[in-house]
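What follows is one structure encoded as structure tokens, with my remarks underneath.
The values are calculated or read from the model by the stated rules, or taken from the named source; none is laboratory data. Keep in mind the model is a prediction, meaning the values are calculated, not measured. Note that each Cβ is placed from the backbone with ideal geometry, even for glycine, and that neighbours are counted across all protein chains shown.
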Amino acid sequence: MKYSKIIIPVLFWLAFANILLGQIRIKELPRFDLLKQDSLFLDASHSRNVISLDGTWSVYTGNDRDDRKPVSVPSNFRGEDELTFEKNIRLESRQVKNSRLELVFLGLNYSAEITLNNFVIYKHSGGEFPFRVEIPKNLVKLDKNNVFTVKISHKLSSDATIPVNQRFLFPENVGGIFRDVYIEVASQARIANSDYSYNVSSTGGVSLSVNAKLSNHSGEERQDSASNAAQYAFRVRLLTNGGEDILNSTSGIFYLGSQKEKGVGYSYSLTNVSLWSPDAPHSYRLRIQLLRNDQVIDEVEKPIAFYSLRSSNNALMLNNAPFTLKGTTYYAVYPGYGNLVRPERMRSDMKAIKNMGFNAVRFAKELPNPYYLKVCQELGLLAFVEMPLNSVPEEILDDQAFKDRLRVYLTQFLNSYKQYSAVAAFGLGSSYLPNSPLGNSVISSLAGYAKRFTNRMVYASFVGFNVSPVENLDFYGVELLNKPMSDYASRYSDLESRLGKGRVFISSATYGSFMGNTNGYSNPFSYEAQAKFFSDLIDYSSSRRTSGYFINSVFDFRGDYTSLSAGFNPENVYSIGILDEFRQPGRFSEKVIYAKLHNDEDVTIPQGSPKDDSPIVFIVSGVLLVLILGFLINTRRKFREDATRALLRPYNFFADIRDMRLMSGMQSMALMTVLSLASALLLSNILYFLRTNVLLEKIVLSLGSPRLSWFVSFLAWNPLYALIWLSVVSAVFFVLTSIAIKIASLFNRNKVFFSSIYFMVVWSFLPLVVLLPLGLVLYKVLNANVMTFYLFIALAVFTVWIFHRLMKGIYVIFDVRPSTVYMYTLGLILLVSVCVLLYFQLSQSSIYYIMNAYKQYKVM
């Protein structure tokens, strides 16, 4: 009964995986009204109205409109089908007449086709960033229902989407309109877009530049009119949060003719502003106004903070003073809801990060809701916002189509987030190969392109320490994963000396805690070991006065792929956080980090004693198999004689099978059972040894199959069930191999009974019983890391010898030339291997990802 609890669900899951994974499951967020909570965030003002489209929509798959079902937006869905969201809205003349309309999405995933009244008005190529779509007035039906449809697909590709399909420790990819959507109503003469930039001088003064594009789509003024109706002015105001003017500047009169656009830009010198810092998050409001006849006809207001974060050779500088980043990575997901997060939850999570003592937060592998950035500015958290690009092979980076896609994505990404003051740096992705000329070229090109749009710092994150200077890149991040800080210290110091202490930081410090509570940090991947890792990291950064670090991550989270290195979890929870996914306090890491960052008394982390993690099932099953084999040898004389001949004189033994000498079917069946269990025992030992191996995880990930990653992780972390399942697989292998040989024999004139082929196949693998004693202790031997490499070589040679015996059996019982068997067998193996690799390469670019995984593993 105990085993059935896991075996039956696994069988069901394997049998119906395609159905279960393809089924659409929609999750809705409880209703809330962000417009009422924070109207300024949605650009609502006295000159601009906002019509919220949140609430009830209809949804259907594909073009099956007759099967519509009600759904609330924001919402997300899981499944592989495309979904079409439909909204009927009545636009009154009094609301929109003589106005300009824009449809605003704060975020959807991934790509979308947007239509209004059956006309396509925009195609979103992909990405979770906010974007705007101008609504053509000629398509709008006044005082009637207007139908908006958004057809969404969130299927990712290995080489044509950002992020790619193969995602290492990424939050789960769900589709839908998962953030607010609304219509913004502005005047015909309006501020079409606006932007600002500033520089902080060495004395603390601020040079502020404001740029805007003004457009006039009204039909009232003539192009050359000099009447009062055509006289416009541009005003910039900087106000404190209390409403006091710091700056109030109005431009001279200018003309803006009908159907014309005009770019304006003004610079201001500010000496009476307080600079923002994590300890003193002073903020202001930048109000940009368009006036006609001295009346404000359009207004845009942005929260703004002034500070300077710059990298230099000697130190990272904040407001011209040395500064150390003390940050954590945040993934905006919540159990049960995925990327659906209410505003109060966003604020609560950011407050939790601030209260722990962090001064920065890194939004990696997914793009944040802009509301997070508003909260970060208010609380005093620097935001590092990063493109969701990770571990992309060089071959794909070198593809021109992918380069073009990167540049388009980067443009939209920067335009969406550069208006938020909390964003201190923009990231170009993570897990790049260090010292890769091709990768460095791509990074340099992207960084140079980014500097056209922003003067914020631009950084990239690398998987190793042999990083060479990259032109246009300001900040270099390195990633630490599941090893003690002592393994990285000297390499990090060398990198600082080569690139400059102020240009290098630890972008991702990850250590799993999936083993839970133990008696001390001597047990890897326990709560105590994780706390020790983070404690050593903070101490190292403090003593060396490094530029800083980001602990990955503040909370556990769920992904699409089942991890090996973050521990097996049937619901794909990655146990790498300071707190669990439900934000429950109490883990050792939280206490240690809080004490370190608040300069409190250090929390003592018990050392404990290492716990023997060798599964008892290996010993028990190995002993049982040895006893069963001993019983067969000592009670069955025929079995003992056959085993001796098959092992020492295989040619003669296979000749006896060919000549139809008496063979016992029951003994062969018993031997097949022992051999299946013996091979399963060896494979289970190896899988258990590799259960936290990053290379194995990334190789499995390269195939792009969540089902396969789940099954491999399940077997690696559950040795008893691995023994059961792999023994079944081994038994099926014996039968299928016999059938394949029988089918191949149809092309040979010598006819051999299937029973003879079956006996030959089973007894060919007899040497596996020699390794039964090794199966008892193989994990311990491998875990000692004394002769691991040579042991794997020996096992590989042993495997080749067994398959050589199989080929010998084939040419003996069919009485054909050995060279013929070798040629066809090796040719068939090669053909099957090529076909499998070709399939995965064409569908998932797997060869590129496997090669990239190996390159990363070598430099970790």
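Data table
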{"quantity": "Segments classed as helices (runs of 4 or more DSSP H), wholly inside the range 607-715, with at least 3 members that are closer than 19 Å to Phe734 by Cα and within 39 Å of the chain's Cα centre (by Cα)", "calculated": "665-689"}
{"quantity": "Complete set of residues in the range 807-821 that are surrounded by 16 or more Cβ atoms within 10 Å (Cβ to Cβ) and free of Cβ contacts under 8 Å to residues at least 60 places away in the same chain", "calculated": "Met807, Tyr811, Val821"}
{"quantity": "For Gln419: the one exception among (1) at pLDDT below 95; (2) closer than 18 Å to Ile551 by Cβ", "calculated": "(2)"}
{"quantity": "Tabulated pairs, the range 725-743, first in the same structural domain as Leu806 (by TED's automatic domain parsing) and in a helix (DSSP H, G or I), second surrounded by 14 or more Cβ atoms within 10 Å (Cβ to Cβ) and of a type in the set (D, E, K, R), C-beta under 6 angstrom, 6+ apart or interchain", "calculated": "none"}
{"quantity": "Considering residues of the range 535-549 that are among the small types (Gly, Ala, Ser) and not in a helix (DSSP H, G or I) only, the residue nearest to the chain's Cα centre (by Cα)", "calculated": "Gly548"}
{"quantity": "Unique residue being hydroxyl-bearing (Ser, Thr, Tyr), crowded, with 23+ Cβ neighbours inside 10 Å, on the phi < 0 side of the Ramachandran plot and in contact with a strand residue (DSSP E or B) (Cβ under 9 Å, 6 or more places away or on another chain) when the list is Ser589, Ser621", "calculated": "Ser589"}
{"quantity": "Close pairs from the range 371-390: first at positive phi, partner assigned to a strand (DSSP E or B) and of a type outside the set (S, T, N, Q), Cβ under 7 Å, at least 6 apart", "calculated": "none"}
{"quantity": "Residues that are without any contact (Cβ under 8 Å) to a residue 24 or more places away in the chain and of a type outside the set (D, E, K, R), drawn from the range 235-252", "calculated": "Gly242, Gly243, Asn248, Ser249, Ser251, Gly252"}
{"quantity": "Output for the range 550-565, where each listed residue is within 16 Å of the chain's Cα centre (by Cα) and farther than 18 Å from Arg583 by Cα", "calculated": "Asp560, Tyr561, Thr562, Ser563, Leu564, Ser565"}
{"quantity": "Matching residues in the range 774-819 - criterion: being farther than 15 Å from Leu690 by Cβ and polar (S, T, N, Q)", "calculated": "Thr799, Ser819"}
{"quantity": "Every residue from the range 372-420 that is under 16 Å from Ser158 (Cβ atoms), of a type outside the set (A, V, I, L, M), out of contact with any Leu (no Cβ under 6 Å at 6 or more places or on another chain) and assigned to a loop (DSSP other than H, G, I, E, B)", "calculated": "Pro388, Ser391, Pro393, Asp399"}
{"quantity": "Unique match (being under 27 Å from Val210 (Cβ atoms) and among the small types (Gly, Ala, Ser)) among Gly448, Gly429, Gly439", "calculated": "Gly448"}
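Here is a yes/no grid of residues against (1) in contact with a Ser or Thr (Cβ under 6 Å, 6 or more places away or on another chain); (2) within 23 Å of Tyr372 (Cβ to Cβ); (3) assigned to a helix (DSSP H, G or I); (4) in the same structural domain as Ser194 (by TED's automatic domain parsing):
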residue	(1), (2), (3), (4)
Gly439	no, no, yes, no
Val442	no, no, yes, no
Ala460	no, yes, no, no
Asn472	yes, no, no, no
Ser490	no, no, yes, no
Ser493	no, no, yes, no
